[in-house]
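Throughout, read-outs are computed from the coordinates displayed, never taken from laboratory work. Since the model is a prediction, treat every value here as computed from it, not as a measurement. Note: ideal-geometry Cβ built from the backbone for every residue, glycine included; neighbour counts use all protein chains shown.
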Amino acid sequence: MILDRHNRVNAAELYARLHSNEAISEQGVENNTYIDNNTNTHEQHEHEHAHTTNCPNCGKSNSPMLPEDQIDEFVNMMQVYEGAMYEISTKLEILDSEFQVRFSHDPIHHMERRLKSVHSIFEKLQRRNLEISTRSIRDNLFDVAGIRVICNYCDDVYSVAQYLSKQTDIQVLRVKDYIKNPKQNGYRSLHVIYAVPVFLSSGAHYTPVEVQFRTIAMDYWASLEHALRYKSGLPDAKLAEHSQTLLDCARSLQNIEAQMQGIHRDINGAPRAEEAPNSRA
């Protein structure tokens, strides 16, 4: 099952927003919360105030502008990012189907896809003090297109990531294994940035897509931790208490998953991998 967290790229709508400096919509703000589980407090502040022209708390404009002569290029670029996202998700669907036919096992429980909103792209460049331009986006942002792959077991996470990485038309640009090396707050996930060719009339355009692989347990833990950090409004003492509880839960879930995975290994003969792919960039 695939859940799309964005609407398909609409060129006419993009042109209208960019020409009118309306680089944000409520849909866009919501879409960008799913992929960045490690967003810091300042970034969340930017998201929450994205619909305003000026933020009263930071005193600066929230409407960075793209140069007029780059609007056509930006719209075309977003369509390429969308194409790359669909290329990767199709490859993942095929892998999942193959496992079902050969091993009677679906390694992928579901997938979520999204493109960053126009506003989120510009704000991320602005936060990093980078130029607002199409070249700056290509050179510095590797998560414009994103897919979250929710797997049943940790074996599935590594197997799917490895098989995808071995496909000859894909490049592995960057790997961050937060499963083997969890973050201090307990966050676990495997982040891989792939480059995949999108074939247009002008030829092949290798385009980055960030893929987050995680298990069901890792996913619902991350969702709760994100809600606690950014949506709870709890006093600091209660926030610290719940954060410690979540850290303990992360460790418990890791042990439970390992035990259940051991049972699954004994009853299912699907191939497995236990390491993250290596970057070939």
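Points to keep in mind about this one:
- Loop-located trypsin sites (Lys or Arg not before Pro) across region 189-281 with a Cβ neighbour count of 12 or fewer within 10 Å are Lys231, Arg280, with loop assigned by DSSP.
- Filtered trypsin sites (Lys or Arg not before Pro), region 104-134: DSSP coil and at most 14 other beta carbons within 10 Å: Arg128
- Restricting the GluC sites (Glu not before Pro) of region 108-137 to loop positions (DSSP other than H, G, I, E, B) with no more than 16 neighbouring Cβ atoms within 10 Å leaves Glu131.
- Here the Karplus curve 6.51 cos²θ - 1.76 cosθ + 1.60, taken at θ = phi - 60°, turns the phi angles of region 149-162 into couplings of 10, 9, 9, 7, 10, 5, 3, 5, 4, 6, 5, 5, 4, 5 Hz, with x standing for Gly and Pro.
- Summarised in one figure, the compactness ratio Rg/Rh of region 219-281, Cα atoms and Kirkwood Rh, is 1.16.
- Footprinting exposure proxy for Cys151, Cys249 (fewest neighbouring C-beta atoms within 10 Å first): Cys249, Cys151
- Its Cα gyration tensor gives region 139-281 an equivalent ellipsoid; the semi-axes, largest first and in whole Å, are 31, 22, 11.
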